[in-house]
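Have a look at the structure below before the remarks.
The values are calculated or read from the model by the stated rules, or taken from the named source; none is laboratory data. Just so it is clear, the model here is predicted, and its values are computed rather than measured. In this analysis, Cβ positions are derived from the backbone assuming ideal geometry, glycine residues included, and neighbour counts consider all displayed protein chains.
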Amino acid sequence: MLIEEKMITSTKKRGSLPAEDLLKRFSALRKFSEELCAALEPEDCVVQSMPDASPAKWHLAHTSWFFERFILYEAYKNYKPFHKDFFFLYNSYYIQAGDRFTRADRGLITRPGINEIINYRNYVTGSVINFLTTEDEELVSEFLSFIEIGIHHEQQHQELILTDIKHLFSKNPLYPVYYESKKDESPDKKAAPLSWKEFDEGIYLTGNNGEGFSYDNERMQHKQYLNKFAIANRLITNGEFLEFIEDDGYKRAELWLSDGFAKVEAERWNAPLYWEKIDNRWNLFTLTGLKKLNLMEPVSHVSYYEADAFARWKGFRLPSEAEWESASNTVEVKGNFVETKNFHPAELRADDSNNLNQMFGDVWEWTQSAYLPYPGFKILPGAVGEYNGKFMSGQMVLRGGSCASSASHLRRTYRNFFPPEARWQFSGIRLAKDV
Ligand SMILES: [Fe+2]
């Protein structure tokens, strides 16, 4: 399974944003990736903790490869790559872009070292800026959409840098701290009861209407008939998920999909990823270190199987992606994104029971929808066509972004997707029900 990224194409052949705007965004983007890695030791940047995760050094190089391969290499007739072997080493899954190194072995690549990767980044950053500012306007305009794709691509990898470092650090018995939190831990209070927001039956528009940037998998906008439904006003908390555990939720096969319960037994799951029981008390490993489980925070790092079993135990279900997207039209696209530097989902402090809270940011929300093409979807020709379409089997859709996502990366129509057993992303639960 190849899930370190998802391929995109712009809504327009030419860039949606003018070159000056892209230049600003590009410069800020490149700096932010390096900022995310600034607190890491060189050794942290090399290790691959599991095949799904990649070393930080690889993310820094691969995002540079993307700009080098799809912009510089294509735009300049006699372009000389920074290093002759990097096209092989840092291609992820683009078969049409040439041979590539084995994904599961990325952690074995100790050379080039981090300093050479930083030199590679600087070379690519400088070359792209030079391209945007000095080249012929017509030539530049041909590549604006690819630069915009490259920006969104690197934002996806910034999220993966955080989730992959978290997974790596979780394997260390010393519980390394990625980021020092100044926040106090909350007392053991519980969230206010869930309330529900109802939506009438009818035809709802789903998918991107082509305005601004979108990935190809969000298009085209189309009609969906929805029965009357209700969606929960907030995310499920750690406290509520703890009740599921204490009611033997992980032991009751009747609550689980067959594949899910097989996973529970094979992996001996008894709690979400990163929950750890010490001296009969639940703790949580976070990017700010090991801390006491906060019952008010949204539960995170659950698989689709766990989200689905929890919903069944509660007597409800997960929303479909069309329900989620239709409901999201009632709130603004804002929330606890990576810019807050919490690097962790936040408890709901001002619970507004009449409206939908935490729809964006905090945790990706599992939907009950399989990741499938929308009506009219076509895989585009060329390597960029490999971004999304070829992964449309065996995965479920998640919505809303997380505390590791960039605010400028998210839209109501954004479709993330992961296999149902994946737990290392910031993934949580919002309930829905038929009315
Ligand atoms: Fe990628």
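Summary of computed values
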| read-out | value |
| --- | --- |
| Spans of helices (runs of 4 or more DSSP H) in segment 60-179 with at least 3 residues charged (D, E, K, R) | 137-170 |
| Residue count for segment 210-238, restricted to those that are buried (at least 22 other Cβ atoms within 10 Å of the Cβ) and more than 26 Å from the chain's Cα centre (by Cα) | 1 |
| Condition check for Ala38: of a type in the set (Gly, Ala, Ser) and crowded, with 22+ Cβ neighbours inside 10 Å | no |
| Any hit, segment 151-165, residues being polar (S, T, N, Q) and over 22 Å from Arg25 (Cβ atoms) | yes |
| Candidate set from segment 49-74 (those that are out of contact with any His (no Cβ under 9 Å at 6 or more places or on another chain) and surrounded by fewer than 18 Cβ atoms within 10 Å (Cβ to Cβ)); member that is farthest from Gly150 (Cα to Cα) | Pro51 |
| The listed residue being under 16 Å from Leu431 (Cα atoms) and surrounded by fewer than 21 Cβ atoms within 10 Å (Cβ to Cβ), out of Gln368, Gln358 | Gln368 |
| Segment 239-263, residues that are in contact (Cβ under 8 Å) with a residue 60 or more places away in the chain, surrounded by fewer than 14 Cβ atoms within 10 Å (Cβ to Cβ) and over 26 Å from the mean Cα position of the chain (by Cα) | Asp247 |
| Filtered residues of segment 247-261 (kept if under 20 Å from Gly394 (Cβ atoms) and out of contact with any helix residue (DSSP H, G or I) (no Cβ under 9 Å at 6 or more places or on another chain)) | Ser258 |
| Matching option when the condition is away from the ligand (no atom under 15 Å from the Cβ), within 28 Å of the chain's Cα centre (by Cα) and either at pLDDT below 95 or not small (Gly, Ala, Ser) (or both), among Thr134, Thr125, Thr63 | Thr125 |
| Checklist (1) modelled with pLDDT of 95 or more; (2) among the aliphatic types (A, V, I, L, M); (3) touching a strand residue (DSSP E or B) at 6+ places or on another chain (Cβ under 7 Å) applied to Leu168, failing item | (3) |
| Conditions (1) among the aromatic types (Phe, Trp, Tyr); (2) modelled with pLDDT of 95 or more; (3) more than 25 Å from Glu180 (Cα to Cα): number failed by Trp58 | (3) |
| Within segment 267-303, tally of residues that are touching a residue at least 60 places away in the same chain (Cβ under 8 Å) and either in a strand (DSSP E or B) or surrounded by fewer than 16 Cβ atoms within 10 Å (Cβ to Cβ) (or both) | 7 |
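Condition check ((1) buried (at least 16 other Cβ atoms within 10 Å of the Cβ); (2) assigned to a helix (DSSP H, G or I); (3) aromatic (Phe, Trp, Tyr)) across all residues:
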position: Ala311; (1), (2), (3): yes, yes, no
position: Trp324; (1), (2), (3): yes, yes, yes
position: Ala327; (1), (2), (3): yes, yes, no
position: Thr330; (1), (2), (3): no, no, no
position: Val333; (1), (2), (3): yes, no, no
position: Glu339; (1), (2), (3): no, yes, no
position: Ala350; (1), (2), (3): no, no, no
position: Pro375; (1), (2), (3): no, no, no
